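Okay, so here's the structure we're looking at.
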């Protein structure tokens with residue numbers, strides 16, 4: 001089995017670690033870097049709780065090997081607030097009650113962020129389609145959709161992208 | 001769930017990848033999007049000793065119109081197919097298919113080549129490519145080999161690709177005038193495999209005939225109702241050369257239901273799946289005819 005030294009940029013910081021080839025990106029983030037905001041939910045590529053941004057694309061980090069990310073830029077939920085201020089999506093989930101147990105929330109935030117980056121003014125249908133790879137067992141999704149609409153409105157009003 | 005240990009290689013050229021496969025034989029697996037392989041490795045359903053990651057090979061991702069066909073690089077992501085103006089305009093069957101594969105996050109990584117080479121009868125591209133009468137190109141140590149889609153799938157998770165070959169390109173013939181295609185999938189929820197799905201690509205004759213058009217050519221592919229991705233040849237025969245009347249469509253739907261071979265599982269009983277195939281065949285042929293008449297191939 002091969003060991004590999006990888007260097008990745010995570011939330012703007014360069015990180016170099018030696019890992020086994022079989023290390024999944026989600027385990028690398030949680031266990032090697034201590035970034036436990038990215039959750040392991042189903043372990044079957046179904047639930048999306050482990051969603052991160054990998055070179056700008058939202059992916060399920062339980063279904064990528066960390067070694068594949070060598071040289072890549074990764075963003076996790078820990079990186080989306082800035083200067084002690086919540087990201088408009090985080091604010092939306094707070095204001096609109098977009099979470100109950102909160103387990104799916106990091107993945108929802110990262111998926112929603114990718115959606116708004118590509119489509120800043122999504123319709124309700126487009127939001128539902130955009131988060132269809134993320135499962136929530138508490139909310140029934142309506143409050144999550146409202147939270148994302150809140151963020152889209154706020155980002156639109158600020159004239160800034162996601 | 002942690003995969004078994006393996007050695008990892010990330011070649012940057014096809015030649016390098018071919019050399020690695022030649023060196024390691026069938027102990028090696030190709031890692032493309034990884035959206036089927038990595039879950040299989042986590043469950044230890046697959047424990048390859050060597051992974052050859054082709055994602056760093058730069059020239060395997062493209063969508064290009066070339067003369068009489070559309071050429072798609074094997075490493076092209078499903079999300080890129082969904083966003084392609086060429087596919088939206090001229091290959092609606094392929095657009096239908098790409099949009100219903102897994103979920104948007106998986107589609108950011110999953111590749112069309114992997115979907116075909118994995119040869120899972122539950123995957124969606126095999127049926128679509130059977131309907132299109134596509135070809136795939138395999139790079140082998142001595143050059144390129146062209147494989148007709150009818151010859152690609154030979155068993156459950158088994159293709160006619162040799163262990164040392166890499167699927168590099170998919171070629172879809174440009175549909176003739178008065179052509180239409182569509183894919184219809186019934187799934188329990190987003191991200192699940194099809195309970196059943198039907199792909200059709202057809203060409204009409206006499207599209208302007210006031211008594212209704214006749215189906216000149218038709219190919220039909222079925223998803224997840226057989227051990228090997230299959231064409232519904234009896235249904236094709238029931239439609240080819242005929243006007244698309246309700247009776248003709250019903251006969252074709254019954255033929256497809258009879259010739260498929262679904263298994264009972266959590267997604268449904270055998271009789272239910274056969275009846276789905278009957279209904280989906282009729283619906284998808286109607287949709288393809290509408291598209292052909294509306295100038296969408």
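Brief remarks on what is shown
- Any chance residue A:63 is at pLDDT 95 or above, surrounded by 21 or more Cβ atoms within 10 Å (Cβ to Cβ) and not assigned by TED's automatic domain parsing to the domain that holds residue A:144: yes
- Of all residues in the stretch A:1-17, those that are more than 14 Å from residue A:74 (Cα to Cα) and within 14 Å of chain B (Cβ to nearest Cβ) total 5.
- Restricting attention to the stretch B:76-99 and to residues that are in a loop (DSSP other than H, G, I, E, B) and away from every other protein chain (no Cβ under 13 Å), the residue that is farthest from the chain's Cα centre (by Cα) turns out to be B:84.
- Applying the criterion of being farther than 18 Å from residue A:3 by Cα and within 27 Å of the chain's Cα centre (by Cα) to the residues of the stretch B:1-19, the residue that is nearest to the other protein chains (Cβ to nearest Cβ) is B:12.
- In the stretch B:105-124, the qualifying residues are those that are in contact (Cβ under 8 Å) with a residue 60 or more places away in the chain and within 11 Å of another protein chain (Cβ to nearest Cβ), and the one that is nearest to residue A:125 (Cα to Cα) is B:106.
- So residue B:102, is it within 14 Å of chain A (Cβ to nearest Cβ), in a loop (DSSP other than H, G, I, E, B) and modelled with pLDDT of 95 or more: yes
- Pick from the stretch A:18-36, criterion away from chain B (no Cβ under 13 Å) and in contact (Cβ under 8 Å) with a residue 40 or more places away in the chain, ranking: surrounded by the most Cβ atoms within 10 Å (Cβ to Cβ): A:29
- Taking each residue of the stretch B:270-296 that is closer than 12 Å to residue B:178 by Cβ and looking for partners that are assigned to a helix (DSSP H, G or I) with beta-carbon atoms closer than 8 Å, six or more apart or interchain, yields B:288/B:93; B:291/B:92; B:296/B:92.
- Single residue of the stretch A:42-84 satisfying the filter (assigned to a strand (DSSP E or B) and out of contact with any helix residue (DSSP H, G or I) (no Cβ under 8 Å at 6 or more places or on another chain)) that is nearest to the other protein chains (Cβ to nearest Cβ): A:73
- Single unsatisfied condition, residue B:196 versus (1) more than 19 Å from the chain's Cα centre (by Cα); (2) closer than 25 Å to residue A:46 by Cα; (3) outside any loop (DSSP other than H, G, I, E, B): (1)
- Output for the stretch A:107-126, where each listed residue is part of a helix (DSSP H, G or I), more than 15 Å from the chain's Cα centre (by Cα) and within 14 Å of chain B (Cβ to nearest Cβ): A:125, A:126
- In the stretch B:39-54, the residues that are in contact with a strand residue (DSSP E or B) (Cβ under 9 Å, 6 or more places away or on another chain) and either touching a residue at least 40 places away in the same chain (Cβ under 8 Å) or assigned to a helix (DSSP H, G or I) (or both): B:41, B:42, B:48, B:49, B:50, B:51, B:52, B:53, B:54
- Among the residues of this structure, residue A:104 does not count as one that is within 14 Å of chain B (Cβ to nearest Cβ), surrounded by 16 or more Cβ atoms within 10 Å (Cβ to Cβ), touching a helix residue (DSSP H, G or I) at 6+ places or on another chain (Cβ under 8 Å) and under 21 Å from residue A:130 (Cα atoms).
- Any hit, the stretch B:22-38, residues being closer than 20 Å to residue A:67 by Cα, more than 14 Å from every other protein chain (Cβ to nearest Cβ) and touching a residue at least 40 places away in the same chain (Cβ under 8 Å): no
- Exclusive hit being in contact with a helix residue (DSSP H, G or I) (Cβ under 9 Å, 6 or more places away or on another chain), in a loop (DSSP other than H, G, I, E, B) and surrounded by fewer than 18 Cβ atoms within 10 Å (Cβ to Cβ), set A:39, A:97: A:97
- Test result for residue B:84, out of contact with any strand residue (DSSP E or B) (no Cβ under 7 Å at 6 or more places or on another chain) and touching a residue at least 12 places away in the same chain (Cβ under 8 Å): no
- Residue check, residue B:228 assigned to a loop (DSSP other than H, G, I, E, B) and under 14 Å from the mean Cα position of the chain (by Cα): yes
- Only listed residue being in contact with a strand residue (DSSP E or B) (Cβ under 9 Å, 6 or more places away or on another chain), surrounded by fewer than 16 Cβ atoms within 10 Å (Cβ to Cβ) and more than 19 Å from residue B:36 (Cα to Cα), chosen from B:181, B:206: B:206
- Odd one out for residue A:132 among (1) in contact (Cβ under 8 Å) with a residue 24 or more places away in the chain; (2) at the interface with chain B (Cβ under 10 Å from one of its Cβ atoms): (1)
- Filtering the stretch B:80-98 to residues that are surrounded by fewer than 17 Cβ atoms within 10 Å (Cβ to Cβ) and farther than 19 Å from residue B:68 by Cβ leaves B:83, B:85, B:88.
The values are calculated or read from the model by the stated rules, or taken from the named source; none is laboratory data. For clarity, every value in this text was computed on a predicted model and none was experimentally measured. Because the Cβ atoms are built from the backbone with ideal geometry, glycine has one as well, and the counts that use them run over all protein chains shown.
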